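Peer 1: Structure in structure tokens, see below.
We did not get these values from a lab; they are worked out from the coordinates using the rules stated. What you see is a predicted model, and the numbers here were worked out from it, not measured in a lab. So basically every Cβ, Gly included, is an ideal-geometry build from the backbone, and we count neighbours across all protein chains shown.
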Amino acid sequence: VSGPAPPPPRPRGRRTAARRAAARAGSPCPPAIALDPPDTRRIRELCRWWDRHARDLPWRRRRDGYTALVAEAMLQQTQVSRVVGAFDAFLARFPTIRHLAAADEQMVLAAWDGLGYYRRARHLHRAARTVVEEFGGIVPRDAADLRRLPGVGRYTAGAIASLVYGRPEPILDGNVQRVLARWHCDDAAPQSAAARRRAWARSAALAASAPRPAALNEALMELGATICTPRAPRCEACPVAALCLARRRGRTAAIPPPRIRGRRTTVHHHAVIMERRGRVLLERRGERGLWAGLWQPPTIEGPAHLAAPDLATALAAAGLKVTGLRHVSSFTHLTTHRHVLVHVHVAATRIRRGSWLGRDELLRVAMSSAHRRALAVATPRAASPRRPPRPRRARSLGS
Ligand code: SF4
């Protein structure tokens, strides 16, 4: 990491209007920031803070290589509150890495239901198979070996190696990068290669000097998730406040700078729901692209909205003759890169071939939340779980 330019000397004399405005906006960060030599006393304090303030989360109660692999896969791009419910259910279904490796991919995708980004589930499944085939069923301890597993990048490898096996490996997720950027008053765009390089170097320097690398990394993540939040960080409760350059310079609100997002592409999905004798016709999506390999009601998709006659023609061209085509509702579903407008239709067909699924089967197959919602809109009975039978009144054994 390049050395810092020393902070500019403080101008003397009367304040000009420009200087007063600059003071109100907070002092600028220096153009390049040095790594302070890690202060082990502060690192110990940070670890003690973690000991006292760690949230009770299911993956922290049972820490081993397998559970860490599952938790890290789920926590990428999904909020903690959603993962909390899904984590125990997934482990109940696949209690060990061997159970997961032996499972059929569709079972794994179905167990991932509600978490989105199904590619992570596929990677996790393949990673489990690699662990069983190449590492004797034991999740490797070494970050370099971990990175040989599908879907495991530098962050996940560092997290498992440090949190489970206590190795002094760095980690860097969005929360940790924000904490380190504020700590060092680094106001570069977090996506830039230079900012990420500096953040990795800072994380590595901390991990290398931490007496307890697991506690340090947990503390950094916890700090970003609960105190040093994107908006309104609670600096008064922060264990590294005394070190934090952004706080000292009044720059916490400006770091990180707002992200400039690319425009989302708009795509129209015309989902056609056909129900016969309590069964609904489904098809599987292709193996590539959005929601690859998931199930859905027959869907015509494209860049434009189709009126009913054009939709009927498109369905016929796809080998699906329907009658009584009727639009029920439309809604918008956002993905990272797309604005998906889902138009829900119902129709009848005489076609018998294809996958006609009953209510229980519908709940077991892997489906995007958008298509599950489309089903629920058109066939609320078929898409909702069966009610458990009413408990019978217990007969009195007494008088
Ligand atoms: S002092 Fe404030 S801005 Fe600095 S690391 Fe702590 S919470 Fe974040």
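Peer 1: Can you tell me how region 74-167 classifies by the Cα gyration tensor, rounded, prolate or oblate, using a/c under 1.5 as the rounded cut?
Peer 2: Working: a/c = 1.76, a/b = 1.26, b/c = 1.40.
Oblate shape, in that a/c is at least 1.5 and b/c is the bigger or equal ratio.
Peer 1: For region 311-357 and region 120-139, write down the distance between their C-alpha centroids in whole Å.
Peer 2: Rounded to whole Å, the Cα centres lie 37 Å apart.
Peer 1: Cα axis of helix 40-53 to longest principal axis of the chain: angle in degrees, 0 to 90, nearest 10?
Peer 2: Here the helix axis deviates by roughly 40 degrees.
Peer 1: Post the alpha-carbon centroid distance, region 145-163 to region 285-299, in whole angstrom.
Peer 2: Answer, in whole Å: 29.
Peer 1: Give the angle, between 0 and 90 degrees and rounded to the nearest 10, that separates the Cα long axis of helix 119-134 from the longest principal axis of the Cα atoms of the chain.
Peer 2: Rounded to the nearest ten degrees, it is 80.
Peer 1: So for the chain, considering every pair of alpha-carbon atoms, how many percent are separated by more than 34 Å? Write out the running numbers ahead of the final one.
Peer 2: Values: 37020 of 79401 pairs.
Here the long-distance tail beyond 34 Å is 47 percent of all Cα pairs in the chain.
Peer 1: Give, rounded to the nearest 20 debye, the magnitude of the charge dipole that region 183-323 has about its Cα centre when Lys and Arg contribute +1 at Cβ and Asp and Glu contribute -1 at Cβ.
Peer 2: 320
Peer 1: Still on this structure: Ranked highest first by average number of other Cβ atoms within 10 Å, how do 293-299, 215-221, 194-200 line up?
Peer 2: Working: 293-299: 21.9, 215-221: 24.4, 194-200: 17.6.
Sorting 293-299, 215-221, 194-200 by mean packing, highest first, produces 215-221, 293-299, 194-200.
Peer 1: Given labels modelled 7 Å from the Cα in the Cβ direction, how far is it in nm from Val80 to Leu243?
Peer 2: So the two model labels end up 2.1 nm from each other.
Peer 1: Once the convex hull of the C-alpha atoms of region 225-345 is built, how many Å³ does it hold per residue, rounded to a whole number? Walk me through the intermediate numbers first.
Peer 2: On the way: hull volume 22.3 nm³, N = 121.
Given the Cα convex hull of region 225-345, per-residue volume reads 184 Å³.
Peer 1: Here is a follow-up. Among Leu57, Thr156, Leu243, pick out the residue whose Cα is farthest towards the positive end of the charge dipole of the chain, where Lys and Arg carry +1 and Asp and Glu carry -1 on C-beta, about the Cα centre.
Peer 2: Leu243
Peer 1: Under a point-charge model restricted to the Cβ atoms of Lys and Arg (+1) and Asp and Glu (-1), what is the dipole moment magnitude of the chain relative to its Cα centre, in debye to the nearest 20? List each step's numbers first, then the result.
Peer 2: Numbers: 70 positive and 29 negative charges, 261 e Å.
For this selection, approximately 1260 debye.
Peer 1: Considering only Val132, Pro170, His184, whose Cα is most displaced toward the positive end of the charge dipole of the chain, charges sitting on Cβ of Lys, Arg (+1) and Asp, Glu (-1)?
Peer 2: So the residue furthest toward the plus end is His184.
Peer 1: While we're on this one: Which one, Leu334, Leu216, Leu294, projects farthest toward the positive side of the charge dipole computed for region 207-334 from Cβ point charges (K/R +1, D/E -1)?
Peer 2: Of the listed residues, the answer is Leu216.
Peer 1: Which angle from 0 to 90°, rounded to the nearest 10, does the C-alpha axis of helix 174-183 make with the longest principal axis of the chain?
Peer 2: 20
Peer 1: Still on this structure, I have one more. Put a dot 7 Å past each Cα toward the Cβ at Asp39 and Thr336; how far apart are the dots in nm?
Peer 2: Roughly 3.7 nm, to one decimal.
Peer 1: While we're here: Nothing charged except the Cβ atoms of Lys and Arg (+1) and of Asp and Glu (-1): what's the magnitude of the dipole of region 106-145 about its Cα centre? Round to the nearest 20 debye.
Peer 2: Details: 6 positive and 5 negative charges, 39 e Å.
The dipole of region 106-145 has a size of about 180 debye.
Peer 1: Hey, another quick one. Suppose only helical runs count, i.e. DSSP H with n ≥ 4. What mean residue ellipticity at 222 nm does that imply for the chain under -39500 (n - 2.57) per run, divided by all residues and rounded to the nearest 500 deg cm²/dmol? Write out the running numbers ahead of the final one.
Peer 2: Values: 18 runs with 170 residues, N = 399.
Result for the chain, helices only: -12000 deg cm²/dmol.
Peer 1: Note down the relative contact order for region 301-384 as a percent, whole number, built from C-alpha pairs under 8 angstrom at least six residues apart. Don't jump to the answer; show the numbers that get you there.
Peer 2: Numbers: 83 pairs, mean separation 19.4, N = 84.
Reported as a whole number, the value is 23 percent.
Peer 1: Defining a contact as two alpha carbons under 8 Å apart and six or more residues distant in sequence, what relative contact order in percent does the chain show?
Peer 2: Working: 600 pairs, mean separation 59.9, N = 399.
Contact order relative to length: 15 percent.
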